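Heads up, the thing below is written out as structure tokens.
The values are calculated or read from the model by the stated rules, or taken from the named source; none is laboratory data. Just so it is clear, the structure is predicted and the values come from calculations on it, not from any experiment. Using ideal geometry, Cβ is built from the backbone for each residue, glycine included, and neighbour counts are taken over all protein chains shown. We work out accessible area using only protein heavy atoms, side chains counted, and drop any ligands, DNA or RNA first. Shrake-Rupley method; radii C 1.70, N 1.55, O 1.52, S 1.80 Å.
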Amino acid sequence: MSDRRITRVSPSRRMASAALCSLSLLAFPVSSAEAIEIHVDNDAGAPGYTETGSWTTTSNVGAGWNGGLYRFTSVSPPTSTAIWAPVIPDEGFYRVSAIFRRGGDRAPSVPYTINHADGSAQAVVDQTGSFSGDLGQVNLGTYRFFAGSSGNVTLSNTGSGGVYIADTVLFETEPPPEIMNVRTFPLYPQANDPVGVTAFVTDSSGVGNVLAEWSATPSGSSGSAPAVDDGTGDDAVSGDGVYTATLPGFADGDTVTVSIRAEDTFGSSAVSDPAMVTIGVNASWALIINEVLSSNTEAAFDPDFSDSGDWIELYNEGPNTADLTGLAVSDDLSEPDKWVFPPGSSLPVDDYLLVWCDDKDFTGAAFHTNFRLSSGGEEAVLYDTITQT
């Protein structure tokens, strides 16, 4: 059980300057396999790099990858190929990139063939550009490779006219998903009440399966539940990157440990550090609006966008950590639930929290509402949507 008390502030409590405050968000890091990068360079020679046909070493010392050299040829005939064969330590998906020195005389259509665990694919690369500056690095795609040296990348001089450059091919493991802001809600669940879990999950190649994995002591129960971002069940908004799972009820006195496991569309996975919640805790707290700043002229900057937006500052008088789930802030008494805290949000006892009123409607390192404050004077409202007070 929990006793939730809140206090509103009148417009006269508005402040003209910012105060130093601490923000309480749960942002758990992820644990994943260490990233692997394999550079197969022409300078190393066989067995990683081999050729057929006619190739010449550049006289531009240091112009290749890692201060080395590169090889070049012209359009066929004769047909010439450069082959990069990596030694893959573990089967999985690897992002493949061609690295080369661009130039004005280069071929605009250079065919690369990627021979991988599931067959072959072709990518065509434009090697033209400025010779000076950084080396060109072009993504050839992400493919599954078996462990060992069965896969390779082959460049052939069968594309457009011009000079073909053979230097280095990079094979790197696909980055795993990023998992942030793991939260359980409510903060003080009671016996047999469902427990919700939310986390922000993102991945450059697309998020695949997301699971909440849990265990409970001393009862010894364990299991997993799918986390979704489709707006169903306890998930508030579809497609916002916040994944939500609902766990079954637990016995009074159980301590539940839960982690989020996420995979991307290529199978790379990450696991968050665990969050813990104890069932049946009785708690109480009192929240007040401590300060309101409606004309922030660069007195404080938010940690997500580095903007000097307006804010409302909350303070928890205690005696326990405050569960912000279901609480809302607003600038309009007729619409007190204008912006609602994400499930699992909390504020430790004797601590302060800035809520940025900048109309960004975003939760990252800080909370951002979907409205702005008027410098002309408005009511700052803290509202409990659960008790409707």
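Below are the figures for this structure:
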{"quantity": "Cβ pairs under 9 Å, 6+ apart, first in the range 141-156 and at positive phi, second charged (D, E, K, R) and assigned to a loop (DSSP other than H, G, I, E, B)", "calculated": "GLY148/GLU91"}
{"quantity": "Some residue of the range 363-375 being under 24 Å from THR198 (Cα atoms), in contact (Cβ under 8 Å) with a residue 60 or more places away in the chain and open to solvent by 40 Å² or more (accessible area, probe 1.4 Å)", "calculated": "yes"}
{"quantity": "Neighbours by Cβ (under 6 Å, 6+ apart or cross-chain): first from the range 220-247, closer than 22 Å to THR278 by Cβ; second open to solvent by 50 Å² or more (accessible area, probe 1.4 Å) and acidic (Asp, Glu)", "calculated": "SER224/GLU213; THR244/ASP234; THR246/ASP234"}
{"quantity": "Strands (runs of 3 or more DSSP E) wholly inside the range 138-229 containing at least 3 residues that are small (Gly, Ala, Ser)", "calculated": "207-217, 222-226"}
{"quantity": "Residue among GLY253, GLY239, GLY249, GLY233 that is at pLDDT 90 or above and closer than 30 Å to VAL381 by Cα", "calculated": "GLY239"}
{"quantity": "Options SER130, SER76, SER59, SER120: the member that is modelled with pLDDT under 95, open to solvent by 10 Å² or more (accessible area, probe 1.4 Å) and either part of a loop (DSSP other than H, G, I, E, B) or not aliphatic (A, V, I, L, M) (or both)", "calculated": "SER76"}
{"quantity": "Within the range 233-269, considering residues that are within 19 Å of ALA191 (Cβ to Cβ) and among the aliphatic types (A, V, I, L, M), the one most open to solvent (accessible area, probe 1.4 Å)", "calculated": "ALA251"}
{"quantity": "Of all residues in the range 107-128 being among the aliphatic types (A, V, I, L, M) and closer than 15 Å to THR158 by Cα, the one that is farthest from the chain's Cα centre (by Cα)", "calculated": "ALA107"}
{"quantity": "Matching option when the condition is under 25 Å from GLU174 (Cα atoms) and either in contact (Cβ under 8 Å) with a residue 60 or more places away in the chain or open to solvent by less than 10 Å² (accessible area, probe 1.4 Å) (or both), among SER272, SER284", "calculated": "SER272"}
{"quantity": "Enumeration of residues in the range 46-56 that are surrounded by 13 or more Cβ atoms within 10 Å (Cβ to Cβ), free of Cβ contacts under 8 Å to residues at least 60 places away in the same chain and either part of a loop (DSSP other than H, G, I, E, B) or of a type in the set (Lys, Arg) (or both)", "calculated": "GLY48, SER54"}
{"quantity": "Extreme residue, surrounded by the fewest Cβ atoms within 10 Å (Cβ to Cβ), among residues of the range 326-344 that are modelled with pLDDT under 90 and within 23 Å of the chain's Cα centre (by Cα)", "calculated": "PRO342"}
{"quantity": "Residue satisfying all of: in the range 240-266; among the acidic types (Asp, Glu) and more than 16 Å from the chain's Cα centre (by Cα); farthest from PRO175 (Cα to Cα) among these", "calculated": "ASP252"}
{"quantity": "Strands (runs of 3 or more DSSP E) enclosed by the range 251-345 - at least 3 residues per element that are over 20 Å from SER222 (Cβ atoms) and out of contact with any Gly (no Cβ under 6 Å at 6 or more places or on another chain)", "calculated": "283-293, 310-316, 327-330"}
{"quantity": "Evaluation of CYS357 against (1) outside any loop (DSSP other than H, G, I, E, B); (2) on the phi > 0 side of the Ramachandran plot; (3) not β-branched (Val, Ile, Thr) (one fails), failing number", "calculated": "(2)"}
